[in-house]
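So the structure is just underneath, and the comments pick up after that.
What follows draws every value from the coordinates through simple rules; no lab data is involved. This is a predicted model, so every value here is computed, not measured. Virtual Cβ from ideal backbone geometry, glycine too; neighbours counted across all protein chains shown.
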């Protein structure tokens, strides 16, 4: 080994992990007056890789002392002379790419890493998040100046939609990524697997009529408020007991209970903001320990639905307003809010939040959101927060 004029050496240690390796080697460096500039250590399946960037006052004698200690410790050492880090250089923007799937194998990681390499993105570190199986990883990357984060996000979305076995999220590595404090969710087809209005319509024998109105609204032939009024009008005369029975047995989306339980344990504030109906939203609020619930109120009279709603309709604009209102009420910055939804009327809400997640949504919403989840359940959101499987076990 011939050091550079800066005297910087990268020492790489590999071998079977056991206590005392780092202590012994750093002790030798300290005794020699070496300056430690950087350090990184990882253990995978009991095998250690330790990297130490040091500036040596005098290279003579130190490598041989380290090699002698390494033999006693049962590890291998490699020395490489490198240039001194430029303390005045502008640090590149750092991002985290999170991949979540049922299982991530060589094929999935190859597809993702090849895609990033093709964009000129530098992969600096990979961290496994799941505990018992390889289901989620974080890739810490830096972006060249030529790569726009928004363009990279869209290309990663296209990759995940094409592969369809894992989801990919791109987030700026910043203070707010791991300091979210509130999660706001849509209800129908997000927190629960059904659309409550469709179930009520079928029970009342007007399922086809309601579906036709929904279809017209989806094609832009009428606005959301008018479509809701027309659909609710068809429910006039339905026994309220049907609504309450449905609300008592709502089928939760996969991962919903885990997500809400962990969020409660970690002190997050939670809310349902839904264009659905209050009886169902309040039932979920009680069942899952949700802090707030906002939705449309169906008018009742004599134990029957009147076919009208009470109060302002919770449409796209109202959802976004309620999110802002809640964040202000709780003293939480919008950057610390996560919003989750599946439909076009969730878009404004997702845009206001620090992280907007399209959950099993149509392509249009997936493209507009910060990220999307389609391959996994709602508990995949926890990995986007940077939580690991071991941490989830502790919080569960």
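Brief remarks follow.
- In this simple spin-label approximation, residue 300 and residue 65 carry label points 7 Å from Cα along the Cα→Cβ vector, and these lie 8.1 nm apart.
- Candidates 77, 112, 266: whichever shows maximal mean-square fluctuation once the chain is modelled as a Gaussian network with Cα springs under 10 Å: 77
- Within region 177-196: backbone nitrogen closer than 11 Å to the residue 287 label point (7 Å, Cα to C-beta): 191-194
- Projected label distance in nm at residue 265 and residue 44, using a 7 Å step from Cα toward the beta-carbon: 2.8
- From most to least packed by mean Cβ count within 10 Å, the peptides 204-210, 192-198, 342-348 give 342-348, 192-198, 204-210.
- Structure-derived Rg/Rh (Cα atoms, Kirkwood Rh) - corresponding label in (i) 1.23; (ii) 0.98; (iii) 1.11: (iii)
- log10 of Debye I(q)/I(0), alpha-carbon scatterers only, for region 94-172 at 0.13, 0.20, 0.22 Å⁻¹: -0.34, -0.82, -1.00
- The C-alpha atoms of the chain define a longest principal axis, and helix 207-218 lies at about 50 degrees to it.
- In the chain, the DSSP-assigned H stretches of four residues or longer account for a calculated mean residue ellipticity at 222 nm of -11000 deg cm²/dmol, using -39500 (n - 2.57) per stretch and the full residue count as denominator.
- Selected from 271, 81, 145 as most flexible by GNM, with the chain as the system and alpha-carbon contacts under 10 Å: 81
- Computed extension length for residue 308-residue 133: 58.0 nm, one decimal, from 0.36 nm per residue of separation with the Cα-Cα distance subtracted.
- Peptides 184-191, 163-170 ordered by packing proxy, namely the average of other Cβ atoms within 10 Å per residue, highest first: 184-191, 163-170.
- The chain: antiparallel DSSP beta bridges as a percent of all, rounded to 5: 70
- A simple packing score, the average count of other Cβ atoms within 10 Å per residue, orders the peptides 359-370, 10-21 as 359-370, 10-21, with the highest score first.
- Compared with the dominant principal axis of the Cα atoms in the chain, helix 256-265 is inclined by about 60°.
- Relative contact order of the chain, pairs being alpha-carbon contacts under 8 Å that are 6 or more residues apart, as %: 15
- To the nearest ten degrees, helix 278-288 and the longest principal axis of the Cα atoms of the chain are 40 degrees apart.
- Rough spin-label spacing in nm, given labels placed 7 Å along Cα→Cβ, for residue 16 and residue 81: 3.5
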